Amino acid sequence: MTTALARLRPTLAQAALGAALLSVTACNQQQPTQEQATPLSADGSNRPGPDLTKINDQNVVEILTKYGQEHPQTQVLIKTDMGPVKVRLFKDTPLHRANFLLLANKGYLDQTVFYRIEKGFVVQGGNSDKRTISLGKYHLPPEIKPEYFHRRGAVGMARYDDEKNPGRLSSSHDFYFTVGKPMEAFQAQGVAGRKLTPEQLKVYTTEGGVPALDGQYTVFGEVVEGMDVVEKINQVPVDAYNWPLKDVGMKVEILK
């Protein structure tokens with residue numbers, strides 16, 4: 001592991017982290033898609049779909065819009081070293097959904113690990129210093145929707161902070177699972193820094209989550225099975241950069 005990657009990767013805002021800290025499922029036996037069944041070349045170029053190295057900020061919307069129309073799937077299985085996690089991707093965050101499917105189908109995500117663990121906060125993955133598949137330099141336009149907030153199990157896309165990224169563009173590949181424990185109503189309200197809706201307040205006080213991140217990052221999916229696995233990953237020992245002492249890898253399968 002290189003410290004450069006640990007230092008430079010997109011992260012969630014430190015202010016949000018500080019506020020947040022106040023406070024198994026059987027594998028689906030469906031056959032993998034044809035794209036996933038194709039043996040992976042070193043750069044992923046032998047699998048169908050756009051050349052990942054050719055995607056940039058100018059063409060990303062056009063490419064992902066088309067890819068999303070051709071790939072309507074909304075369920076994926078993330079097989080981690082600690083067990084499987086089933087995720088539903090939201091149809092009305094189409095660019096983020098299409099991007100995740102593209103990275104999965106191309107084999108990119110299979111070469112990555114969960115590399116940032118903030119206990120009681122998030123589990124972040126989608127990168128590694130051992131990848132052979134490269135990406136172009138691109139970002140995703142934000143698809144932030146008030147109905148998708150950071151409840152426990154929400155899946156979001158990381159980004160650089162507002163100083164570097166005033167448009168709140170999402171990373172092309174760094175995604176995270178939201179953890180967060182239930183909190184008292186006054187605490188959830190204070191951490192959020194805004195008036196929570198009755199639904200949000202109920203969720204944050206009964207299920208848990210990280211209200212400080214709402215409106216700041218795009219939530220594009222949710223864990224539907226295997227949150228216990230996410231919790232296990234969230235508890236692994238880490239180094240000074242919050243990188244697990246033992247890499248936690250993943251393989252991503254598109255279900256339907």
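Computed from the coordinates by the stated procedures, all read-outs in this text should not be read as laboratory data. The structure presented is a predicted model; accordingly, all values stated were derived computationally and were not measured. Using ideal geometry, Cβ is built from the backbone for each residue, glycine included, and neighbour counts are taken over all protein chains shown.
Can you list the lysines whose alpha carbon sits under 27 Å from that of Lys164, skipping same-chain ones fewer than 8 residues off?
Within the straight-line cut-off, Lys164 pairs with Lys54, Lys119, Lys130, Lys137, Lys145.
Modelling each spin label as a point 7 Å along the Cα-to-Cβ direction, I'd like the Asn165/Lys119 distance in nm, to one decimal.
2.7
Calculated FRET efficiency, Gln69 and Glu147, Cβ-Cβ r, R0 30 Å, to nearest 0.05?
0.85
Give me the one-decimal nm value for the distance between modelled label points at Lys91 and Lys195, 7 Å along each residue's Cα-to-Cβ direction.
Using points 7 Å along Cα→Cβ, the separation is 3.3 nm.
Which shape class applies to the stretch 61-182: rounded if a/c is under 1.5, otherwise prolate when a/b exceeds b/c and oblate if not, where a ≥ b ≥ c are the square roots of the Cα gyration tensor eigenvalues?
Verdict is rounded for the stretch 61-182.
Cα centroid distance between the stretch 188-249 and the stretch 122-151, in Å?
So the separation of the two Cα centres works out to 15 Å.
With a cut-off of 18 Å, note down the residues of the stretch 164-187 whose backbone N falls inside the zone around a label point 7 Å from the Cα of Glu231 toward its beta carbon.
Label zone hits: 177-184.
Mind running the shape call on the stretch 114-165? Use the C-alpha gyration tensor, a ≥ b ≥ c as the square roots of the eigenvalues: rounded below 1.5 for a/c, prolate if a/b tops b/c, oblate otherwise.
Oblate, because a/c is 1.5 or more while a/b does not exceed b/c.
At q = 0.29 Å⁻¹, what is the base-10 log of I(q)/I(0) for the stretch 82-151 according to the Debye formula with one equal point scatterer per Cα and no solvent? Please give it to two decimals.
Computed log10 I(q)/I(0) values: -1.39.
Which one of Tyr138, Ser128, Met82 has its Cα pushed farthest toward the positive end of the charge dipole of the stretch 37-176, where Lys and Arg give +1 and Asp and Glu give -1 at the Cβ?
About the Cα centre, the residue reaching furthest to the positive side is Met82.
How large is log10 I(q)/I(0) at q = 0.28, 0.34 Å⁻¹ when the Debye formula is applied to the Cα atoms of the stretch 163-203, each weighted equally and without solvent?
-0.93, -1.16
Packing-wise, with mean Cβ within 10 Å as the measure, how do 52-65, 80-93, 144-157 rank, highest first?
144-157, 80-93, 52-65
Can you sort Tyr138, Tyr204 so the residue with the fewest Cβ neighbours within 10 Å comes first?
Numbers: Tyr138 21, Tyr204 30.
Ascending Cβ contact count within 10 Å gives the list Tyr138, Tyr204.
Taking a ≥ b ≥ c as the square roots of the Cα gyration tensor eigenvalues, with a/c under 1.5 meaning rounded and otherwise prolate when a/b beats b/c, else oblate, which class fits the stretch 186-243?
Working: a/c = 2.02, a/b = 1.58, b/c = 1.28.
Prolate, because a/c is 1.5 or more and a/b exceeds b/c.
Using 0.36 nm per residue, how much length does the chain from Thr206 to Thr53 gain when fully extended, once their Cα-Cα distance is taken away?
50.7 nm
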